[in-house]
Structure formats: C-alpha cells, structure tokens
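What follows is calculated from the coordinates using simple rules that are stated; it is not laboratory data. From a predicted model like this one, the values you see are computed outputs, not experimental measurements. Please note: Cβ atoms are built from the backbone with ideal geometry, for glycine as well, and neighbour counts cover all protein chains shown.
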C-alpha cells in the first residue's frame, strides 16, 4: 500500500508541475501576443493650438521711491515720508491696502571710486529704495493713477503689466479649442492616408495658464511732464496640446 501511495503522490506532483509549466507558457504567449498587437499599431501624432482673445481686467504697476543722503538715518526718514505720500495718493484713487504689496526695501552705501592713498573706495552717502507692487482692478484708471503717484513723490515706475484675473476660465476654453484643432489635423491626415482613426491614445498638455499678459516700461519723469495715455487693448490666451491617434 505504501508503494501505491508513493506512486500516487509522485504522479500528482508531476501533473501539477506540468500544469504550472503550461500556465506559464500560456501567460508568456498572451504577453507576447499583446506586445505584437501594440507594436503593430501605427500612430499619428499631431499638435493643436487654441487661442482666446480677451480684454484685460487687471493691471499691475511696480513703483516706489529712491532717496540718497550722506546720512543713512536721514535717507531712511526721507524715504518713509515720501513713500507715505505715494501710498496716500494710491488710496485717494481707490486702491485698497490688500492691493499694495512691498516687493523691495533696501539700504546700501554709495561709494566714491576716486581712490586715495589707501586705495580703497570711500563711502559718500546712502541710498534707500522702497518698491511696491500695485494691483489696479479698474484698468481704465491706469493712466490717472500713474500721473497721481508721479505727482506725489514716486520717482520709480519700473513697469506696468496687464492681465486677466480669471485666466483659468479662458485657458480652459483655449484648451478645448486646441484639442479640436489637433483632432481636425489628425482627421485630415487620416483621410489622406485612407485610414480610420481610433480614439486618442495619448494627450499631452504643453502649456499652462498665465494671469500676466504683457508688460511695458514707464519713466516717472514722463508721467510728471504730461498725461500718461495707456491702452490695454486685447490680449491672447493660448493653449497647446499634443495628441496621438492609433490606426
């Protein structure tokens, strides 16, 4: 009986090994078949662009005060007084505290590089620079506000940029257009080849929304001398995608 049992056990083990070997080969065959299917698929890859034209609804201005004096404390005091008048001029034009952000405050020495016997530059005074970034939510008032701060004590107006407060909304519209644009290109290519396209196998977004649209520079003295005309015009929000179709 023991010999018969041993034979039964050996037979069962042999059968299970055959089953494992068969299942492994079957799994490999399925994988190879799937790889062959993938490698046999042909791809059409196209890029698409969508553009939305929008009127800016917000502007940003970087402005401030630069003061020089032989005494650092006096330079600081003068800068503070002038900057307070600039802030007051901004608030008089309806700008809120939350729309005024300090972006730079620096104190640094001014040197005379006409070297003496010590062969070292000599400190002849100090400069204090205070810059703020102002958000203007009524773009029609940009020119008036530039004139107002320049007429107070602002002697630095570095730049003005226009943007869209809800750029994400318009970017999504442009993104839809970019996908449709890519689809149209792929369809044209497929028709010319006489092939039928499947649903997209891959879509890559190649752009991102931006709330700053364009920028230009101003000089404070120009604003003081005459009224500052500002035209915001129309701006374009673009989206770009790459789409792949199998056929």
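Enter the Cα centre distance for the pair segment 148-184 and segment 43-68, rounded to the nearest angstrom.
Here the two parts' Cα centres lie 4 Å apart.
Would you please put 74-81, 93-100 in order of how densely packed they are, using the mean number of other Cβ atoms within 10 angstrom per residue and starting with the highest?
74-81, 93-100
Counting other beta carbons within 10 Å of each residue's own, what order do 245, 170 fall into, fewest first?
Going from least to most buried by this count: 170, 245.
Students often check this: by mean Cβ neighbours within 10 Å, which of 119-129, 172-182, 142-152 ranks highest, and how do the rest follow?
The peptides rank, most packed first, as 142-152, 172-182, 119-129.
With a 10 Å Cβ neighbour count serving as the proxy for reagent exposure, in which order, fewest first, do 102, 242 appear?
Starting with the residue having the fewest Cβ neighbours, the order is 102, 242.
What is the projected area of the convex hull of the Cα atoms of segment 58-161, averaged over all directions, in nm²?
7.3
Using the number of other C-beta atoms within 10 angstrom as an exposure proxy, rank 45, 53 with the fewest first.
Least crowded to most crowded, the residues run 53, 45.
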